[in-house]
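In what follows, a single structure is set out as structure tokens and then discussed.
The values are calculated or read from the model by the stated rules, or taken from the named source; none is laboratory data. Nothing here was measured: the structure is a model prediction, and the numbers come from that model. As a convention, Cβ positions derive from the backbone with ideal geometry for all residues, glycine included, and neighbour counts pool all protein chains shown. Ligands, DNA and RNA are excluded from the accessible area calculation, which covers all protein heavy atoms including side chains. Shrake-Rupley method; radii C 1.70, N 1.55, O 1.52, S 1.80 Å.
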Amino acid sequence: MISNIQQDGLEGLDHNVITAPLEKLVGWARARSSWPATFGLACCAIEMMATGGSHYDLARLGMEVFRASPRQADVMIVAGRVSQKMAPVLRQIYDQMMEPKWVISMGVCASSGGMFNNYAIVQGVDQIVPVDVYAPGCPPGPETLIHAITTLHDNIQNGELLRRRDARGAGANITIEQRDGQGAPQLVQLGRDR
Amino acid sequence: MVVTDTWYLVLSALLFTIGFVGLLVRRNPLIMFMCVELMLNAVNITFVTFANALDDVAGRTAVFFVLVVAAAEVVVGLALVVALMRRRPLLSADDLTALRG
Amino acid sequence: MSDTGETEQAETDVEAETGAGDGAEQQEMLYGCPVTESRGQRVIHPSRDRWAEVAGELLVDGWNMCIDVTAVDYLTYSRGDGAVRRLPPGVEPQRFEVVASFMSHVRRERLRARVQVPADDPTIPSLYAIYPGSDYLEREVFDLMGIVFEGHPDLSRILMPETWQGHPLRKDYAVGAIPVQFKAPTAQ
Amino acid sequence: MIDVITFLITGAIVLGGGIGVIVLSNPVRAALSLVASFFGVAVLFIMQQAHFLAFVQVVVYAGAIVVLFLFVIMLLGVDRHEDIRAEPLAGQRPAAGLLGLMVLALILGGLFLSGPGGDDGAVALTGTKSRTAPISQLSESDSDITVLAQDLFTRNIVAVQATALLLTIATVGAVVFVRNKGGEDVVIDDPGTARR
Amino acid sequence: MGEPYLANGVDWGDLVLAVGKAVIAFAVLLVAVMLMVWFERKVVGRLQNRLGPNVAGPFGLLQTLADGMKLFFKEDIIPTRADRFVFQLAPYLSLIPAFLTFAIIPVAGDFSDGGNGSVTIFGRETFIQVADLPVGILFFLAMSSLAVYGIMLAGWSSGSKYPLLGSVRATAQAISYEAALGLSLAAVLLVSGTLSTNGIVQAQAGEGFLGIIPRWNLIITGFVPFVVFLIAGTAELNRPPFDLVEAEQELVGGFHTEYSSIRFALFFLAEFMNTVTMSAIIVTLFFGGPAGPNLGFLPGWLWGFVWFFLKLLVFLFTFVWFRATLPRLRYDQLMDLGWKVLIPVSLAWLLVLAAVRLVRGGQIDLVTDDFGNTLLVIVACFAVLVIGGTLLSMAIRAARQERLAEKGLIAVPSEGTRS
Amino acid sequence: MTITEESQLDRLPRRHAVLRMSEVRAAELMADEGGPIGGENDQTMLINMGPSHPSTHGVLRLMLEMDGETVLRSKPVVGYLHTGMEKQAEALTYLQGPTNVTRMDYAAPLFNELVFSLATEELIGIEIPPRATWIRMLMCEMNRISSHLLFMATNGMDLGAVSMMIYGWREREQVLRFFQAVTGLRMNHNYIRPGGVAADLPDGWRDDVLYLLDMLPHRLEEYDILMTGQPIWRDRLQGVGVITADEAVALSATGPILRSTGMAWDLRRDMPYLAYPEVEFDVVVGSYGDSFDRYAIRLNEIRESMRIVRQCLERMPEGDFRAQDAKVTPPPRSRIDESMEALIHHFKIFTEGFKVPEGEVYVAVESPRGELGCYLVSDGGAQPYRMHIRGPSFVNLQTLPHMMADGLLADAVAIISSVDPILGEVDR
């Protein structure tokens, strides 16, 4: 049982009368206190900050605590286009975040590259980190972002996300194609065996 | 068993010795300072013990003075160390000869 | 955005100073370079060899700010419609063209310089020593177009990762649909 | 009985802290060990009903002096481990140990073999012979601060002022010393005079 | 003074009482901190035209609980470069002093009509505070000087650069402001004549001036020590505008950048616990603590709690207000404020108070008239202080000029070239 | 003013403050924890600020060589948001161009569209109707207000005045609502297009503008209380990040940075475009070149923009909102339902685009951050042959090392903030 916990966290437990409500409680807490990492990239970052402003007020959801240090953040909102130069940095910050962690891909550029299908932009941040919720729009308005966040919260509370992620081998198992002059293809393995 | 003054005095003597040996053994000026503080503390214990034994507050007064003088000593001492180490990053008391004119 | 009468006044002054007209016949000259008009804006065409020298003259003459440095790759210019580059006589068209814009705050005027840079030797003197403001702009041109600015103190990639290969703004570099390149963080 | 246990534990902390200072190679850890030792001494003071001194001990030693040590250590970046195995002088350690033992013997011998002394030192310093303030009259729950203050500001007033002067001189001296003028060295000012 | 029940030996009942008080105090403090975090986020929200947390529990009251639980169940990490032992120790070093300080604060009790605020439990007379040390204020000073260890060691042991900068800042800040804090505190001790917190409250309890103005130390010491104490206290707390230690815009997270999970929660807890305790100390020292009129229909000791709580709330709000309003100071400005303003001012004020006290005690007798004496001394004091202040500021200015000249950049504002 | 010097490099007394070091080398040094980085002074350490750091306005990265808290040398590292817009533009038609460039300076998207449209119009050589000109002016000045409000918010945040952050957003939100009413979008409008603007102003726009004009002055007075007059605020900004006019010119700085040094240079007045010669406004100029001047300039430029907006409101002419040039302008929506020819015309314009005569042109406008230029080369096709944008933030970033030298870390944050870079524009 202990080894289960060490491997999979709380979700690895065989649930019984005591642990099941505990997990519900933890789910409740996590959903209501998911602190975002300050990870603004482009236009979407402006809308993300606007969502924190007085008209929309992310604080209602307990989310005004933008943590500058990834160690203390729970949700990474990838707000904006991810360039090739930024990709390793983004991945590093994701790795620095502690489990459990979630990713919202905000805007079409982060989700799919958007209108910038060119040499500079990563065509979808889900090639780098596992994404839990995609918020559409260019940029998504605060209402859209809040919708994405509440969707994430629902999923956190129901514990669905980790289960799904486990089924997929803890995230984005991506093979990277080789480009001329670049290194050998690498398998990006996410998971808890770090 | 009762704790008598002798206990305190022996403890103080041991602490003093530790500080003394440290002062001789270590070469890092900062640590040497710390050892001096240890010795001062040993003396303080003695003072307080004797103050109680002789029923005279003068011993405690002396501790007070020791505290103040220790603070002054540390300020000057650390200033010396800073000035020295800025010139030469570490780290031996032998470098203190650099302070000769 | 047309120039005012004041501009023309200044122009004649400049010509008087520099004593234009030792080159081609009928060709207006400025700082010893052919000058043309493009949509009402004045453009000079210095040669690559004289580039640093001309820039020095420009600064002395009161063009006190280097506003912009960029470059154009004319590799596929005459696509389709068979458009022709309009260059004054005496200026040999090359594949690359470095374009720099200068401003004179006193005269409230702009001046553009277009320098031809051949494809087989894409180098040009750096303006950094004369106009330090061209620092980043030249680095950008180097990064995206691959033109080497000789004498620049820190000519390195500025927008692309340092290990990137190729120069994206060249016309023989595909625009997009490039497979995603990703390197795992090496040290954490 | 309780006080014996307390004494033993505290004594262990005091001595352990002291030993820690001289054996730990990392200066920061040595400083922490020093704090532990000081705490033990403070507890010893409390056991001897010297409340005021105990807290002053904490405030001055733990709160100021060791913090200052740590500040200097961090400022200078000398928090790397020091190689304490290397001996600069051959045979220094055994010699030091031997010397230490001799000092210990000397102190203990002095303590236990000598007879009762006189009040000469105090007389020389203060010119007063009589005891002004017996401790035993203090009640258990009262602090010793009143009697201490009386002793300080009457009998020892000259010494108090001399100490105050000493502190001032030390502070000024430290500032002057650290602020080297026009040198090529970096200016790392005293905390009080942050550079601009 | 001192705990009455300690006077005649200790038995099991006393032990139970002491332990019980400690446990209750801990529980109360934890709840208070929880509510404080909620209060802060709500008030900051309102000050910024926002709603603040309102999803977790009614009015978002359970927000802190959710935060705490989430942090508790989050993955923990110790960076490879960290000094493991110290890294794990630091949060506790930060938390324990914060909690211990609360032990000396009288939170309730009936101080009206000359009462000493004691209540009787199990037939034992006791104060409503965990312990009334005879040197309680020294205990507070000792604990606040220890609180810096947690921050300092956390930053150092993380083994990376931003936390280290944070801890260096914390150390300098703590050393600088401890002195001002102590000096302004000395003014209170001078007029109260005791180091016991209960004694200080008792001294402020009696009949007020003119019937309505309370005998608070705030008025007796003449406001200046209070202002100095408030500023220095805010600096000790590392709260805005003195939050350089964790200045997010400069140092990412400052000393706690590398901390996550429960250890970060402990820092978080300590910070807010310190805020609550510091407010309580201010209330105790300058605003009469639980002392206040007994308006009937409630037990007397409960009235003490009501007054205490109301006063506490004012200062909690003040700290939140600071956070919402003031920009952060710069490192050197912080030092300047501490060393060149607060310490001289509080020292000078202390001297004035001492002189006035001497006159009142008849130890200085210049003219026969008592009022004239006081006036004379005060005037003389102020004259001396003004001269001293002028000399000091001249010295500071001269030093600055010299320093600038040394660097070769005497600040001459550039005129610019207008076209 | 006659300048006879041969190199502007001599005007930069602090040019040693620029850290010339490759990122790879810096990474090596930083991996060697706290090690000396060479040179005569081995007490220094190299600190990496960003690209994900709270005060770097997105993804700016700074390599700082620090001595304790003092910044000795520094190097801004950009490119973390490089989007390839200049390349992308070569694949998009002129009508799609504004969609591309508007995502550049996302705090002031309308200016990007404006400069691209002006360049295209210059190449084609068409005149746009006066109403379109005035609408453009109105919208751009509104955008300048919202951009400066954004600056107020982030500047407050960077200096620790957290409430200012929210207040700035609060007012900006009101401006955005007006944008949404006019353009349909809060940001990235694609509203100003070659040939005019995308749509006419909606009914009731005057009331919306009047509401803003009534509300903003009071809020700006609140800012004055909260920040301008606040002693800590002044201490933090005055004398911090000083730059002289000579330095600013040598480094090609434009916009508020240049104006803070006392150079009264504003393209709207000195090289007018649109209908700026017909409106009255003042160019706000500082005198000390410090961060406080830059803050004050932006604050007062909001007031000047409000003046312009009021004049636009009063003098808004009637007429077409886009040029009636069949080549460039799609037919009105109503005609498409009636006429087959219009439908085909519409289809062709939006799929193939329109052809632009060959040539090259450089057009610049005064964006909230300085001179925003667009260099456009056409080879006669429907897409630009080359589009280059001169981003003011990009060039202004060059001043950072010079301003930050010998300051404290906290000053560095204040200075970055006062330059107000928008990384989308820096990296493009």
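Projecting label points 7 angstrom from Cα along Cα→Cβ for B:Val66 and B:Met1 puts them 2.5 nm apart.
Over the stretch D:1-81, the reciprocal of the mean inverse Cα-Cα separation, the Kirkwood hydrodynamic radius, stands at 13.2 Å. Under the membrane-span-like helix rule (DSSP H runs whose alpha carbons stretch at least 15 Å along the helix axis, mean Kyte-Doolittle hydropathy 0.0 or higher), chain F yields F:109-124, F:130-158, F:162-183, F:340-351, F:409-419. For a Förster distance of 41 Å, can you work out the FRET efficiency between the beta-carbons of A:Leu25 and E:Thr318, rounded to the nearest 0.05? Computed FRET efficiency for A:Leu25 and E:Thr318: 0.70. Across the protein chains, with a 1.4 Å probe defining accessible surface, the residues F:Tyr288, C:Tyr173 rank F:Tyr288, C:Tyr173 from largest area downward. With the simple spin-label model, which puts each label point 7 Å out from Cα in the Cβ direction, the A:Asp154 to F:Asp200 separation comes to 4.3 nm.
The slack between E:Ala398 and E:Arg357, meaning 0.36 nm per residue of separation minus the straight C-alpha distance, is 11.2 nm. Using Cβ point charges alone (K and R +1, D and E -1), the dipole size of the stretch F:85-390 about the Cα centre works out to roughly 520 debye. Taking springs between alpha-carbon atoms closer than 10 angstrom, which of F:Arg236, F:Arg144, F:Arg103 fluctuates most in the Gaussian network model of chain F? Its mean-square fluctuation being the largest, the pick is F:Arg236. When all alpha carbon pairs of chain E are counted in 10 Å bins from zero, the resulting P(r) reads 4, 18, 27, 25, 16, 7, 2, 0, 0 %.
Separation of the stretch B:65-80 and the stretch C:81-122, taken as the distance between their Cα centroids, equals 72 angstrom.
I want to verify a result. In a Gaussian network model of chain F, Cα cutoff 10 Å, which of these has the top mean-square fluctuation: F:Ile416, F:Ile349, F:Ile297? Ranking F:Ile416, F:Ile349, F:Ile297 by mean-square fluctuation puts F:Ile349 first. Hey, with R₀ at 60 Å, roughly what FRET efficiency would F:Arg315 and D:Thr146 work out to, going by the Cβ-Cβ distance, to 0.05? Efficiency for this residue pair is about 0.10. Within 10 Å of the Cβ of each residue in F:70-82, the mean number of Cβ atoms contributed by other protein chains is 5. The mean number of Cβ atoms from other chains found within 10 Å of a Cβ in peptide F:213-226 is 0, as a whole number. Please check chain E for the longest run free of trypsin sites (Lys or Arg not before Pro) that are loop-located per DSSP (anything but H, G, I, E, B) and have at most 14 other Cβ atoms within 10 Å. The segment E:82-417 is the longest one with no such site.
Computed packing ranks the peptides F:271-277, E:58-64, A:47-53 as A:47-53, E:58-64, F:271-277, most packed first, by mean other Cβ atoms within 10 Å.
Using only alpha-carbon positions in the stretch F:301-428, the gyration tensor eigenvalues give semi-axes of 41, 22, 12 Å once each is multiplied by 5 and square-rooted (largest first). Adding -39500 (n - 2.57) for every DSSP H run of four residues or longer, then dividing by how many residues chain E holds, sets the calculated 222 nm ellipticity at -21000 deg cm²/dmol. Heavy-atom accessible area, probed at 1.4 angstrom with all protein chains present, ranks F:Asp325, C:Asp49 as C:Asp49, F:Asp325, highest first.
Inter-label distance, E:Val384 to E:Leu295: 4.6 nm, where each label sits 7 Å from its Cα along the C-beta direction.
Normalised by 2.2 N^0.38 Å, where N is the number of residues, the alpha-carbon radius of gyration of the stretch E:237-329 equals 1.38.
Cross-linked pairs A:Lys101/E:Lys70; C:Lys171/F:Lys87; A:Lys24/E:Lys74; C:Lys171/F:Lys355: Cα-Cα separations exceed 18 Å for C:Lys171/F:Lys355.
Using C-alpha pairs under 8 Å with a sequence gap of at least 6, the mean separation divided by the residue count of the stretch B:5-92 gives a relative contact order of 31 percent.
Charged side chains reduced to their Cβ positions (Lys and Arg at +1, Asp and Glu at -1) give the stretch F:269-428 a dipole of some 300 debye around its Cα centre.
Note on chain F: dipole from Cβ charges, positive end direction compared against F:Gln96, F:Leu216, F:Gly79; the farthest Cα belongs to F:Gln96. Among F:Ser163, F:Met340, F:Leu138, whose Cα projects farthest towards the positive end of the dipole of chain F, with charges put on the beta-carbon of Lys, Arg (+1) and Asp, Glu (-1)? It is F:Met340, whose Cα lies furthest towards the positive end. Scattering from the stretch F:150-296 was approximated by placing one identical point on each alpha carbon and applying the Debye formula without solvent; log10 I(q)/I(0) at 0.09, 0.13, 0.15, 0.19 1/Å stands at -0.39, -0.81, -1.04, -1.29.
Across peptide A:135-141, the average count of Cβ atoms from other chains found within 10 Å of a residue's Cβ is 3. Computed from the C-beta positions of D:Leu8 and E:Phe309 and an R0 of 45 Å, the FRET efficiency is 0.55 to the nearest 0.05. For chain F, the equivalent ellipsoid built from the Cα gyration tensor has semi-axes of 40, 26, 19 Å, listed from largest to smallest.
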